[in-house]
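As structure tokens, the structure follows; a few thoughts come after it.
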Amino acid sequence: MRPYRLTLFFFAFLPQFVNPHEPDAVAHMVLLSLVFMAETFVVFVAYGLLAGQARPQIVSRPRAMSWMRRVFAASFVALAARPALAER
């Protein structure tokens, strides 16, 4: 993901929730951005904790690991094929 996409999101989405005539509109937009970032952090921490709990269950099963390797290999082949097959 390109880094400027998040900036575009903030500039396109958040101003809808800020009154442009209030004196501290920029501070309100910064506050909304910080709330969004805090929520994102909480979600990623939850993902990490869930992944940590699921890891022993998956790693201990050879069949699951085999399928996971296949899926990752297919994903890398697809990612390599996409630019190779793209027309200019």
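The values are calculated or read from the model by the stated rules, or taken from the named source; none is laboratory data. Just so you know, these numbers come straight off a predicted model, no measurement behind them. Here the Cβ is made from the backbone with ideal geometry for all residues, glycine too, and neighbour counts use every protein chain on show. Surface accessibility is based on the protein's heavy atoms, side chains included, excluding ligands, DNA and RNA. Shrake-Rupley method; radii C 1.70, N 1.55, O 1.52, S 1.80 Å.
Details
- Scanning the range 37-52 turns up at least one residue that is closer than 30 Å to THR7 by Cβ, among the hydroxyl-bearing types (Ser, Thr, Tyr) and open to solvent by 70 Å² or more (accessible area, probe 1.4 Å).
- Meets criteria (touching a residue at least 12 places away in the same chain (Cβ under 8 Å), open to solvent by less than 70 Å² (accessible area, probe 1.4 Å) and not polar (S, T, N, Q)) for PHE10: yes
- Any hit, the range 67-87, residues being outside any helix (DSSP H, G or I), open to solvent by less than 100 Å² (accessible area, probe 1.4 Å) and among the hydrophobic types (A, V, I, L, M, F, W, C): yes
- Taking the criterion of being of a type outside the set (A, V, I, L, M, F, W, C) and open to solvent by less than 90 Å² (accessible area, probe 1.4 Å), the residues of the range 22-36 that qualify are GLU22, ASP24, HIS28, SER33.
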